[in-house]
Amino acid sequence: MIKTPVSTYFDKDVYPHPQIDDADSNFISECNKGDTAKEIVKRINMHDELVKSLHDMVEVVGGNFCQNMEIKRKYKIARELLERCK
């Protein structure tokens, strides 16, 4: 499992390409471009914040549950997705 936050490291004397490490300094990946590595790091580090925000949104919708079957179906899908993202 990837331990967040992840970071990018580039020392052209040691590594030919930027590499991505997790919070325990475990190697995750190597990228051909520094910009790509930075984008990967940004997206991985945003995951926990995004899941928390979506969880809060689902709780608000769940608290205001209505009788609309389409909304209930979407709510169920969102809850299942959030469970998989934990």
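The values are calculated or read from the model by the stated rules, or taken from the named source; none is laboratory data. Remember, predicted model here, so these are calculated numbers, not experimental data. All Cβ positions, glycine included, derive from the backbone under ideal geometry; neighbour counts span all protein chains shown.
Residues in the range 6-22 that are surrounded by 12 or more Cβ atoms within 10 Å (Cβ to Cβ) and either under 22 Å from C85 (Cα atoms) or among the charged types (D, E, K, R) (or both): V6, S7, I20, D21, D22. Restricting the search to strands (runs of 3 or more DSSP E) fully inside the range 1-70 and requiring at least 1 residues that are modelled with pLDDT under 80 gives 7-9, 27-30. Hey, among R84, R79, R73, which residue is in contact (Cβ under 8 Å) with a residue 12 or more places away in the chain, assigned to a helix (DSSP H, G or I) and of a type in the set (K, R)? None of the others qualify; the one that does is R79.
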